[in-house]
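The values are calculated or read from the model by the stated rules, or taken from the named source; none is laboratory data. A quick note: this is a predicted structure, and the numbers were derived from the prediction, not measured. All Cβ positions, glycine included, derive from the backbone under ideal geometry; neighbour counts span all protein chains shown. The accessibility values were calculated without ligands, DNA or RNA, using every heavy atom of the protein model including side chains. Shrake-Rupley method; radii C 1.70, N 1.55, O 1.52, S 1.80 Å.
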Amino acid sequence: MKNIVVLVSGGGTNLQALIDAQESGKIQGGRITCVISSKPGAYALERAKKHNIKSRVIARKEYADSVVYSKAILEALDEEKADLVVYAGFMTILDELVVKAYPYKMMNVHPALIPSFCGKGYYGLRVHEEALKKGVKLTGATVHFVTEVCDGGPIILQKAVEVQSGDTPEILQKRVMEQAEWKILPQAVSLFCEDRLEVKDDIVYIK
Ligand code: GAR
(Lines give C-alpha, C1' and ligand atoms only; values in the text may rest on other atoms or scores of the structure.)
Protein backbone atom coordinates (compact mmCIF):
# COMPACT_ATOMS: atom_id res chain seq x y z
CA MET A 1 0.00 0.00 0.00
CA LYS A 2 1.40 3.38 -0.97
CA ASN A 3 1.19 6.27 1.49
CA ILE A 4 -0.57 9.24 -0.10
CA VAL A 5 0.03 12.64 1.48
CA VAL A 6 -2.33 15.41 0.30
CA LEU A 7 -1.27 19.08 0.45
CA VAL A 8 -4.10 21.61 0.74
CA SER A 9 -4.69 25.31 1.39
CA GLY A 10 -8.44 25.85 1.15
CA GLY A 11 -11.87 24.29 0.79
CA GLY A 12 -10.55 20.88 -0.09
CA THR A 13 -13.17 19.73 -2.60
CA ASN A 14 -10.44 17.87 -4.48
CA LEU A 15 -9.38 16.23 -1.22
CA GLN A 16 -13.04 15.24 -0.78
CA ALA A 17 -13.06 13.69 -4.26
CA LEU A 18 -10.01 11.63 -3.27
CA ILE A 19 -11.61 10.57 0.03
CA ASP A 20 -14.84 9.58 -1.77
CA ALA A 21 -12.89 7.60 -4.38
CA GLN A 22 -10.92 5.87 -1.64
CA GLU A 23 -14.06 4.99 0.31
CA SER A 24 -15.75 3.53 -2.75
CA GLY A 25 -12.72 1.41 -3.57
CA LYS A 26 -11.66 3.40 -6.63
CA ILE A 27 -8.08 3.98 -5.48
CA GLN A 28 -6.19 0.76 -5.83
CA GLY A 29 -2.85 0.27 -4.11
CA GLY A 30 -2.77 3.37 -1.93
CA ARG A 31 -4.45 5.20 0.93
CA ILE A 32 -4.47 8.78 2.18
CA THR A 33 -2.35 8.71 5.31
CA CYS A 34 -1.96 12.44 6.02
CA VAL A 35 -3.29 15.83 4.94
CA ILE A 36 -0.99 18.84 5.32
CA SER A 37 -2.41 22.35 5.17
CA SER A 38 -0.50 25.57 4.55
CA LYS A 39 -3.38 27.50 6.20
CA PRO A 40 -4.56 26.93 9.78
CA GLY A 41 -8.31 27.45 9.18
CA ALA A 42 -8.64 25.58 5.89
CA TYR A 43 -11.95 23.70 5.59
CA ALA A 44 -10.00 20.81 4.06
CA LEU A 45 -8.81 20.06 7.62
CA GLU A 46 -12.42 19.49 8.71
CA ARG A 47 -12.92 17.07 5.85
CA ALA A 48 -9.86 15.07 6.95
CA LYS A 49 -11.08 15.02 10.55
CA LYS A 50 -14.55 13.79 9.53
CA HIS A 51 -12.96 10.81 7.82
CA ASN A 52 -10.41 10.07 10.57
CA ILE A 53 -7.46 11.06 8.43
CA LYS A 54 -4.42 12.48 10.22
CA SER A 55 -3.76 16.14 9.47
CA ARG A 56 -0.98 18.62 10.12
CA VAL A 57 -0.78 22.37 9.71
CA ILE A 58 2.47 23.83 8.44
CA ALA A 59 1.48 27.47 8.13
CA ARG A 60 3.23 29.32 5.31
CA LYS A 61 2.98 32.62 7.16
CA GLU A 62 5.10 31.32 10.03
CA TYR A 63 8.13 30.84 7.79
CA ALA A 64 10.35 33.64 6.55
CA ASP A 65 10.78 32.44 2.98
CA SER A 66 10.02 29.66 0.54
CA VAL A 67 13.25 27.75 1.25
CA VAL A 68 12.74 27.40 5.01
CA TYR A 69 9.08 26.60 4.43
CA SER A 70 10.00 23.95 1.86
CA LYS A 71 12.46 22.38 4.30
CA ALA A 72 9.67 22.06 6.89
CA ILE A 73 7.36 20.45 4.31
CA LEU A 74 10.12 18.08 3.22
CA GLU A 75 10.76 17.02 6.80
CA ALA A 76 7.04 16.29 7.27
CA LEU A 77 6.83 14.30 4.02
CA ASP A 78 9.80 12.21 5.11
CA GLU A 79 8.26 11.66 8.55
CA GLU A 80 5.01 10.55 6.93
CA LYS A 81 6.93 8.20 4.63
CA ALA A 82 5.10 9.62 1.62
CA ASP A 83 5.13 7.51 -1.54
CA LEU A 84 2.95 10.01 -3.40
CA VAL A 85 2.37 13.69 -2.68
CA VAL A 86 -0.78 15.27 -4.13
CA TYR A 87 -1.23 19.03 -4.44
CA ALA A 88 -5.01 19.45 -4.11
CA GLY A 89 -5.58 23.19 -4.17
CA PHE A 90 -2.20 23.77 -2.52
CA MET A 91 -1.47 27.44 -3.19
CA THR A 92 2.21 27.64 -2.26
CA ILE A 93 5.07 27.16 -4.67
CA LEU A 94 7.69 24.98 -3.01
CA ASP A 95 11.41 25.24 -3.56
CA GLU A 96 12.95 22.76 -5.98
CA LEU A 97 14.62 20.99 -3.04
CA VAL A 98 11.25 19.27 -2.37
CA VAL A 99 10.70 18.33 -6.02
CA LYS A 100 14.21 16.89 -6.24
CA ALA A 101 13.57 14.70 -3.19
CA TYR A 102 10.33 13.34 -4.72
CA PRO A 103 10.96 13.08 -8.48
CA TYR A 104 7.77 12.14 -10.36
CA LYS A 105 6.20 11.39 -6.99
CA MET A 106 4.31 14.66 -6.67
CA MET A 107 1.24 15.54 -8.71
CA ASN A 108 -0.87 18.68 -9.01
CA VAL A 109 -4.36 19.39 -10.27
CA HIS A 110 -4.65 22.60 -12.27
CA PRO A 111 -8.00 24.10 -13.36
CA ALA A 112 -7.17 24.64 -17.05
CA LEU A 113 -5.89 22.74 -20.07
CA ILE A 114 -2.12 23.22 -19.68
CA PRO A 115 -0.25 24.89 -21.43
CA SER A 116 -3.10 27.42 -21.41
CA PHE A 117 -3.73 29.66 -18.40
CA CYS A 118 -0.98 28.26 -16.21
CA GLY A 119 2.27 29.26 -14.52
CA LYS A 120 3.03 31.75 -11.81
CA GLY A 121 -0.01 33.85 -10.82
CA TYR A 122 -2.55 31.46 -12.36
CA TYR A 123 -4.36 29.84 -9.49
CA GLY A 124 -7.92 29.37 -8.26
CA LEU A 125 -10.54 31.75 -9.63
CA ARG A 126 -7.87 33.80 -11.47
CA VAL A 127 -7.51 30.98 -14.01
CA HIS A 128 -11.20 31.06 -14.89
CA GLU A 129 -11.27 34.89 -15.05
CA GLU A 130 -8.47 34.78 -17.63
CA ALA A 131 -10.13 31.99 -19.63
CA LEU A 132 -13.36 34.03 -19.82
CA LYS A 133 -11.44 37.20 -20.73
CA LYS A 134 -9.83 35.37 -23.62
CA GLY A 135 -13.19 34.00 -24.75
CA VAL A 136 -12.08 30.37 -25.01
CA LYS A 137 -14.92 27.99 -25.80
CA LEU A 138 -13.26 25.00 -24.15
CA THR A 139 -11.31 24.84 -20.95
CA GLY A 140 -10.84 21.99 -18.46
CA ALA A 141 -8.40 20.55 -15.99
CA THR A 142 -4.98 18.93 -15.99
CA VAL A 143 -3.24 16.60 -13.58
CA HIS A 144 0.53 16.70 -14.01
CA PHE A 145 3.69 15.72 -12.22
CA VAL A 146 5.28 18.57 -10.30
CA THR A 147 8.73 19.65 -11.47
CA GLU A 148 10.77 22.78 -10.77
CA VAL A 149 8.88 24.56 -13.58
CA CYS A 150 5.57 25.93 -12.23
CA ASP A 151 2.73 23.94 -13.91
CA GLY A 152 5.32 22.66 -16.40
CA GLY A 153 5.74 19.01 -15.43
CA PRO A 154 4.71 15.99 -17.53
CA ILE A 155 0.95 15.79 -18.11
CA ILE A 156 -0.80 12.73 -16.69
CA LEU A 157 -4.49 13.32 -17.52
CA GLN A 158 -6.61 16.11 -18.97
CA LYS A 159 -10.33 16.61 -19.45
CA ALA A 160 -12.07 19.31 -21.47
CA VAL A 161 -15.10 21.27 -20.28
CA GLU A 162 -17.30 23.61 -22.36
CA VAL A 163 -17.59 27.28 -21.57
CA GLN A 164 -21.22 28.45 -21.75
CA SER A 165 -22.60 31.90 -22.47
CA GLY A 166 -23.34 33.78 -19.26
CA ASP A 167 -20.59 31.97 -17.34
CA THR A 168 -19.04 33.85 -14.45
CA PRO A 169 -15.64 32.77 -13.08
CA GLU A 170 -17.46 31.11 -10.16
CA ILE A 171 -19.90 29.17 -12.38
CA LEU A 172 -17.09 28.05 -14.68
CA GLN A 173 -14.91 27.02 -11.72
CA LYS A 174 -17.71 24.83 -10.36
CA ARG A 175 -18.31 23.17 -13.75
CA VAL A 176 -14.59 22.50 -14.24
CA MET A 177 -14.38 20.98 -10.77
CA GLU A 178 -17.47 18.79 -11.18
CA GLN A 179 -16.85 17.63 -14.74
CA ALA A 180 -13.07 17.40 -14.74
CA GLU A 181 -10.99 17.90 -11.56
CA TRP A 182 -12.95 15.61 -9.24
CA LYS A 183 -12.80 12.88 -11.89
CA ILE A 184 -9.24 12.99 -13.21
CA LEU A 185 -7.45 13.60 -9.90
CA PRO A 186 -8.61 10.32 -8.28
CA GLN A 187 -7.98 8.51 -11.59
CA ALA A 188 -4.41 9.80 -11.78
CA VAL A 189 -3.77 8.92 -8.14
CA SER A 190 -5.08 5.40 -8.70
CA LEU A 191 -2.95 4.95 -11.84
CA PHE A 192 0.13 6.02 -9.86
CA CYS A 193 -0.64 3.70 -6.97
CA GLU A 194 -1.10 0.79 -9.39
CA ASP A 195 2.37 1.57 -10.87
CA ARG A 196 0.79 2.30 -14.24
CA LEU A 197 2.50 5.63 -14.93
CA GLU A 198 5.80 5.73 -16.75
CA VAL A 199 7.70 8.92 -17.65
CA LYS A 200 10.07 8.88 -20.63
CA ASP A 201 11.59 12.07 -22.06
CA ASP A 202 9.03 14.19 -20.15
CA ILE A 203 6.06 12.31 -21.57
CA VAL A 204 3.76 10.23 -19.38
CA TYR A 205 2.75 6.83 -20.71
CA ILE A 206 -0.13 4.91 -19.13
CA LYS A 207 0.63 1.21 -18.96
C1 GAR B 1 -9.09 23.90 -7.55
O2 GAR B 1 -9.84 24.41 -8.61
C3 GAR B 1 -7.68 23.60 -7.99
O4 GAR B 1 -7.58 23.08 -9.28
C5 GAR B 1 -7.06 24.97 -7.93
O6 GAR B 1 -7.61 25.56 -6.78
C7 GAR B 1 -8.88 24.99 -6.49
C8 GAR B 1 -8.85 24.42 -5.09
O9 GAR B 1 -10.10 23.93 -4.69
N10 GAR B 1 -5.63 24.89 -7.90
C11 GAR B 1 -4.83 25.76 -8.49
O12 GAR B 1 -5.24 26.76 -9.05
C13 GAR B 1 -3.36 25.45 -8.38
N14 GAR B 1 -2.62 26.20 -9.37
P15 GAR B 1 -10.27 22.90 -3.52
O16 GAR B 1 -9.50 23.42 -2.29
O17 GAR B 1 -11.76 22.91 -3.27
O18 GAR B 1 -9.78 21.56 -3.97
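Just a few scattered comments:
- Averaged over its residues, the chain has an accessible area of 49 Å² per residue, based on protein heavy atoms and a 1.4 Å probe.
- In terms of distances greater than 19 angstrom between alpha carbons, the cross-link table entries Lys39/Lys71; Lys2/Lys50; Lys26/Lys49 yield Lys2/Lys50; Lys26/Lys49.
- Degrees between helix 13-23 axis and first principal axis of the chain (Cα, 0 to 90, nearest 10): 60 degrees
- Shape category assigned to the range 31-72 from the gyration tensor of Cα positions, a/c cut at 1.5: oblate
- With every protein chain in place and a 1.4 angstrom probe, the accessible-area ranking of Cys118, Cys193, largest first, reads Cys118, Cys193.
- Overall, the chain carries a charge dipole of about 380 debye about its Cα centre when +1 sits on the Cβ of Lys and Arg and -1 on the Cβ of Asp and Glu, all other atoms neutral.
- From its DSSP helices (H runs of at least four residues, each -39,500 (n - 2.57)), the chain gives a residue-normalised ellipticity at 222 nm of -9500 deg cm²/dmol.
- Qualifying aspartates and glutamates (Cα of each under 15 Å from Cα of Lys159; at least 8 residues distant if same chain): Glu178, Glu181
- Per-residue surface analysis assigns Lys174 an accessible area of about 120 Å², computed on protein heavy atoms at 1.4 Å probe radius.
- With Cα atoms, 0 to 90° folded angle of helix 66-79 axis to the chain main axis: 60 degrees
- Percentage of interatomic Cα-Cα distances in the range 1-123 larger than 17 Å: 56 percent
- Relative contact order of the chain, pairs being alpha-carbon contacts under 8 Å that are 6 or more residues apart, as %: 21 percent
- Computed over the alpha carbons of the chain, Rg followed by Dmax gives 16.1, 48 Å.
- Helix 125-134 axis, angle to the chain major axis (alpha carbon atoms, nearest 10°): 30 degrees
- Distance from the range 1-54 to the range 87-148 (C-alpha centre basis), Å: 19 Å
- Calculated log₁₀ intensity ratio I(q)/I(0) where the Debye formula runs over C-alpha points of the range 140-207, q = 0.14, 0.16 Å⁻¹: -0.49, -0.61
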